[in-house]
Every structure is written in C-alpha cells, then in structure tokens.
Amino acid sequence: MKRLLFLIHRWAGVVLCLFMAMWFVSGVVMMYVGYPKLTLQERLAALPVLDGKTCCTLPALAPEPKSVRLTSIGGLPRFVVEPRRGKPQVYDAATGAEITSITEAAALRAAGAYLGGAPIAYLGSIEEDAWTHSKALEAHRPFHVMQGEDPAQTRVYVSGRTGEVVRDATFTERAWNWVGAWIHWLYPFRGGALDSVWTDIVIWSSVAGTVLALSGVVVGILRWRFSGAYKSGSRSPYRGTLFRWHHIAGLIFGVISITWIFSGLMSMNPWKVFDSKAPRLDQGAFAGGPLDLGRASLPVGVLLDRLRDAGLRARELEWRMIGGELHLQAFDGAGRTRLIATDGASDIRVQLPIDQLARDGARLLPGAKVIRQQLLTEYDSYYYARAPHTMLGHIERRLPMLRLEFDDPNRTWVHLDPYSGAVAGRLDSHQRIKRWLFAFLHSFDWWPLLAARPLWDVLLVLASLGGVAISITGIWMGWRRLVLKARQVHLPRGAGRGLRREHVRPAACCCGRVCWGVESSLTTLARVPATRRPPRRSRPSGGPASGTVRAVRRRSIRPSSARSTARARRPSPRNACAPPRSAAPISSAGRPGLPGARPALPPRVRRSGR
C-alpha cells in the first residue's frame, strides 16, 4: 500500500506540479488585480445628469417586464427594458421608438462618452474573447470592441443589443490577468473547441490536484522521523537539497495546499452538490404586483425636478414595485440612491421603513414562516463586502440590511435592501456550507480577518510562497525523473568495453543520495571504444590453433536501479549506493591483471548477453 501511495504521488506530481505552481502564483496576482469588470460606480460616474426637458416619452412595453431603466447611452436618453424572457430591448426616450440594431457609429459614440471624449479606435465585433468569459454578459453578445487612447489604455466593450458599455479592461488589468485570473481559472480552454468541457477540465484537474496534495502529506509524514534521526542526523531521509526542501515544505504547507485545491473544486459546484432544489422566491407576491409603468401618474420630468430640489442630481432611474405601489429609484454619480413614489403621494426617502420591508418579505416563501428577523448594522460571516476587483466585489453590500430567516426545510435566509426594496441575496443551508468550503478555505473570507489587513495579505502571501516552493521543487524532481527514465535504454552493442575508473564518478541518485554510478551522460559512455582480446598462446593439440583469436561476445550495458526488474537481485541498502572497491580488470578466473582480462564494470551496471 505504501508503494502504491508513493507511486501515485510521484507520477501525479510529474503531471500536475506545473499546474500547482501556476495556481499559486496566479492566486497572488488575483489578490490585487482582478478579472476585468464594470462596476456600478464606474458606470454611473460616466453618465450625464438626466434632463427632464429632453425626455421622456414612455414606450409601449410588453406586459410584466422584469426591469425598466432610464439611462443615457452615447449621451442620449434611452429606456433599457429587460423582459421576463428574451434579450434586453432599448427605446429612444425622446420618441418612444424601439432601436433594433446597434451600428458601429452608435458604439463609437457610446464608448467615446464613457471615456470622456478620449480618442478611440474601432477593433471590430466579437462574440467572446479573453476578457468577456462571463455568464452575466450572455444577453449582450455580440460586442463592439473599441480601444481607447486614454492614459489607462482602456479597452471598451459595447453591447450589441442595447449599445451600453458593459465591460472595460485597462492595459494593467489585461497585462496582469495573463498570469492572473485568466490562467488561474484555466480560461485558455474557454471560447474554443474545448469550451463545452471546460467545467469538466477544471473539476477533474482539481480532483487530481487534491489527490496529489493529500498523498504528498501522507508520504511526508510516513518518511519523517518524529523520534530519533537518520544516519545523516536529519529527520528527513533525503540528502539532496531540493529533495529535503520539498519534504519539509510539504509538511509545513501541505495542509493549506489541500484546502486551497479542494476549495477551488467546491467553487465549481461539482456534480451539483450544493443545489438544494428549493422553490424560487415569489417575487410577485413580495412586490405586490407586476411592474406596470402605466400606473405612473406624474411625468418623469416632474419627478426629476423634485429629485433635483431634494439635492440628488439623478443620472439613472429604475422603476420598482414596492408594496403594491410604483416607485422610482434614482441614482446619482456616486451611487447614492433615493426612492420616490410615481404618484407623488409620499416624500422622497432614503430607506424604506423596516416594518414594511419585513411584512412584504414574509410573502417570499409561501407556506413558510419567519422565525427570526435581524437588522444588520455591521458585517458578519455571511454578509460582508469585498474589494471591487475581487471575484464578487462588484456586488454592492450596503448597511443596514434586513435578514429574514424562514422555517422551510432548506432553512432559507433572505437579505432585503432597505435602500431599494429589493432582494439582495438568498442563502439556504447548502449555500451556507459552500460559503465555508469555498470562500473561507480558498481566500480566507472571514470578516474579522478581512478587516485586519495587512494581516490577511501576509498570511495569504506566505502560504502561497510555501505552495510555490513545493511546486518548484516538485517540477525539478519530476523533470529529473523523466530524464532518468528516458536514459534507461540499451546502448549499442560493445559500448562500454574498456571502461576505466575515470568513467565512474559520484552522481546524484534517484534516492536523493550521492551514489556511485556510471558517468551521468550515457552519450559519453557510448563513446568508450569497444576492445577485443589479444591472441591467446598456442595450446596443445586438440585446442584452438596457435595465433587464433577468440571472439569476444559483444555485450550491451544499461543503467539499472535496484528495483529495475523483478529478475535483478535487490541489493541491500548498504551496498546499493557504495563506491566500487576496485577498478582493476578482472579475468574470467577472478585473478586481476592477467592478459586478456575483461575490464571491470562499475556497480549497478547490468550485463546482458546476446
């Protein structure tokens, strides 16, 4: 069983150590430079203030749209409608007419407005590239791609459906992500012939990496002497420097390596282990009815004037149903929001009353009751904010936040946002387990630690450097193993005849010790000339004729380890790596120095006759 464990770790390491080093190094990069994304604050900051005098004519919409926004695209007011099914639609806010196609000129105008008038160049239309591997962008494909000449050298992606800027990628983000998220998430397999099996590649490579790390920790413990020491005085049996460092680094950082690779596997939700099959939230019951812009009694221009009088210069509006009433949520350039009823019956509010929000939220799960209600005024282990460049950092986490806990079989938690009256998130028992198996184990997402930076940075960087040390030494050992295997071939017949003591020298052995063996380069060995025996003296009649030469049987040699074949005698550890006692030629009778004696071969070189 030990032998099998050693072989699994050895050959899995030969295959995966390069992947492991890649994951550790790219993980450190991702701590500070994330995958390109467009945050809400970036998008709002690039929008102009809405002017009620230039809009707005409400378009004729399909019944019960999912969301309706009034924004600016290319400096012009536009309605962006997301239906329940299908792709988003865009309407001219001045006329109410639908815009069915986004031309190159419209895309250039939108990108120019986003970059503040910086020169731009049109690069073409694409479906997907290295910076648009995201399910959130599926509805906006194909993209118009523009390259800006701004100081950040920003590449802008414009939606082919709405004309909005949906992603930007600066030169710094693009350069670092080649050794960051793009390689960490194995995105070289995305967007091509292997796109359909990308998920399986990530899952099974993570499984193999977990087996590699786990077997390495077990082997390291088995080989470490906790009491006493080896003859070398070390508790590690390996004498080679890199062998020993691989052993020690594996014992120190092996457990954290296991947790990182395993948690990366959990991020992919392998085999749907975190799917609880819980019923969907009843958003219609929570909102109090379908979204219907026809219920608005005040024009949009009047509502914009009221918001301006209240001190909010709105750059984007979104219609929402809250408690059966139609409201507008207004955003300014800094991301601040206000709520106003479209009939003007209530004052402009920053937040909704908590009691009203809790009463509406209780209708989200029919048949279940709220067993606990909690108003979060500070972050905890299940609701916390991350830096904008991180994987989920673009999701805004505002405080306070209302949490409702239900008594349904899945023990569902729902977070409700008082600023918008919307559902901010849902966590059932399966998702809460995933939060610990992925977010905590993979990136140390524990709020007390996240709030104690740079302690978080120090811990992750040190652990990553330990993983890099394991991987780099493993790469060297794997390369050396492959080279030794490649050299274990038969040399040409007659090679090695006339081998002398100078051809035998101490060399590093696969066991990690300094052993005596044939010169490391077998090509040098192959150049040793083959010799023939001198003529033997004449013998009495009946023997070979005088002056005849007995042909020497050609032999081939090849390096062999103590366990190369089952037929070879396994030498004892004491003699396996010992230096040769004598390099003097020995005759067939075992007496040194006689004419015609065959040259001595170094130990651990097996002869094979024809």
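The values are calculated or read from the model by the stated rules, or taken from the named source; none is laboratory data. Source: prediction; values computed, not measured. Note that we place each Cβ from the backbone using ideal geometry, even for glycine, and neighbour counts take in every protein chain shown. Accessible surface is based on the protein model in full, side chains and every heavy atom, while ligands, DNA and RNA are left aside. Shrake-Rupley method; radii C 1.70, N 1.55, O 1.52, S 1.80 Å.
Show the residues, 5+ positions off or on another chain, whose built amide H is closer than 5 Å to the amide H of ARG167.
Result for ARG167 returns TYR157.
Taking Cα atoms of segment 317-383, Rg/Rh with Kirkwood Rh, to two decimals?
Here Rg/Rh amounts to 1.02.
Taking loop as defined by DSSP and a crowding limit of 10 other beta carbons within 10 Å, which trypsin sites (Lys or Arg not before Pro) in segment 249-351 fit?
Details: sites: LYS272, LYS277, ARG280, ARG295, ARG306, ARG308, ARG313, ARG315, ARG320, ARG336, ARG338, ARG349; in loops: LYS277, ARG280, ARG313, ARG315, ARG336.
Counting only loop positions with at most 10 other Cβ atoms within 10 Å, the trypsin sites (Lys or Arg not before Pro) in segment 249-351 are LYS277, ARG280.
Give me the dipole magnitude in Debye, nearest 20, for segment 367-407 about the Cα centre, with unit charges on the beta carbon: positive for Lys and Arg, negative for Asp and Glu.
60
Quick one: accessible surface of ARG69, probe radius 1.4 Å, all protein chains present, in square angstrom to the nearest 10.
Here the accessible area works out near 40 Å².
Roughly speaking, what is the centre-to-centre gap between segment 8-29 and segment 382-459 when only Cα atoms are used, to the nearest Å?
Result: 30 Å between the Cα centres.
Once ligands and nucleic acids are excluded and a 1.4 Å probe is used, how much of MET266 is accessible, expressed in Å² to the nearest 10?
So the heavy atoms of MET266 present about 20 Å² to solvent.
List the residues, sorted by chain then number, that are 5 or more residues from ALA424 or on another chain and whose placed amide H is less than 5 Å from its amide H.
HIS415, LEU416, ASP417
Let me know the whole percent of all Cα-Cα pairs from segment 203-353 that are separated by more than 29 Å. Mind showing how you got there, number by number?
Working: 6410 of 11325 pairs.
Cα-Cα pairs in segment 203-353 separated by more than 29 Å: 57 percent.
Take the alpha-carbon positions of segment 62-117, form their convex hull, and give its projected area averaged over all directions (one quarter of the hull surface) in nm². Mind showing how you got there, number by number?
Values: hull surface 16.8 nm².
That works out to 4.2 nm², a quarter of the Cα hull's surface.
Once phi is turned into θ = phi - 60°, what whole-Hz ³J(HN,Hα) does the Karplus curve with 6.51, -1.76 and 1.60 give for every residue of segment 418-428, x standing for Gly and Pro?
Once θ is set to phi - 60°, the couplings for segment 418-428 become x, 6, 10, x, 10, 6, 8, x, 9, 9, 9 Hz.
Among GLU138, GLU128, GLU405, what's the order by accessible area (1.4 angstrom probe), most exposed first?
Per-residue accessible area, sorted high to low, gives GLU138, GLU128, GLU405.
May I ask you to list the GluC sites (Glu not before Pro) in segment 140-226 that are in a DSSP loop and have at most 14 other Cβ atoms within 10 Å of their Cβ?
GLU149
What does the C-alpha gyration tensor say about the overall shape of segment 284-418? Classify as rounded when a/c is under 1.5, otherwise prolate if a/b is larger than b/c, or oblate.
Here segment 284-418 falls in the oblate category.
From the backbone phi of segment 256-270, what are the Karplus-calculated ³J(HN,Hα) couplings (6.51 cos²θ - 1.76 cosθ + 1.60, θ = phi - 60°) in whole Hz, Gly and Pro given as x?
Per residue, the Karplus-derived 3J(HN,Hα) values read 5, 5, 4, 5, 5, 5, 5, 5, x, 4, 5, 5, 8, 6, x Hz.
Can you send over the solvent-accessible area of PHE286, 1.4 Å probe, protein chains only, in Å² to the nearest 10?
10
Which sequence of MET1, MET268 reflects their accessible areas, 1.4 Å probe, from the largest down?
Descending accessible area places them as MET1, MET268.
Taking θ as phi - 60°, what are the ³J(HN,Hα) couplings along segment 237-244 by the Karplus curve (6.51, -1.76, 1.60), each to the nearest whole Hz, with x for Gly and Pro?
Karplus values, whole Hz, x for Gly and Pro: x, 8, 9, x, 4, 5, 4, 5.
Given +1 on the Cβ of Lys and Arg, -1 on the Cβ of Asp and Glu, and no further charges, what dipole in debye does segment 171-328 carry about its Cα centre, rounded to the nearest 20? List each step's numbers first, then the result.
Numbers: 17 positive and 11 negative charges, 239 e Å.
Charge dipole of segment 171-328: 1140 debye, to the nearest 20.
Quick one: grab the alpha carbon gyration tensor of segment 165-249, order the square roots of its eigenvalues as a ≥ b ≥ c, and give me rounded if a/c is under 1.5, else prolate or oblate depending on whether a/b is larger than b/c.
Judged from the Cα gyration tensor, segment 165-249 comes out prolate (a/c at least 1.5, a/b above b/c).
Once you keep just the Cα pairs under 8 angstrom separated by 6 or more residues, what percentage relative contact order results for segment 187-308?
Once normalised by length, the contact order is 26 percent.
Evaluate E = 1/(1 + (r/R0)^6) for GLN356 and ASP275, where r is the Cβ-Cβ distance and R0 equals 25 Å; express this FRET efficiency to the nearest 0.05.
It comes out at approximately 0.15.
Around ARG84, under 12 Å between beta carbons, what's the net of Lys plus Arg minus Asp minus Glu among the other residues?
After counting each charged neighbour, the total is +1.
In whole Å, what is the distance between the alpha-carbon centres of segment 99-172 and segment 191-258?
Their Cα centres are 44 Å away from one another.
Please go through segment 179-228 and write out the chymotrypsin sites (Phe, Trp or Tyr not before Pro) that DSSP classes as loop and that have at most 12 other C-beta atoms within 10 Å. Don't skip to the end; give the middle numbers.
On the way: sites: TRP182, TRP185, PHE189, TRP198, TRP204, TRP224, PHE226; in loops: TRP185, TRP224, PHE226.
When the chymotrypsin sites (Phe, Trp or Tyr not before Pro) of segment 179-228 are filtered for loop state and at most 12 Cβ neighbours within 10 Å, PHE226 remain.
Could you pull out the pairs from LYS87/LYS434; LYS37/LYS135; LYS66/LYS135; LYS87/LYS272; LYS135/LYS434; LYS37/LYS87 whose alpha carbons sit more than 24 Å apart here?
LYS87/LYS434; LYS87/LYS272
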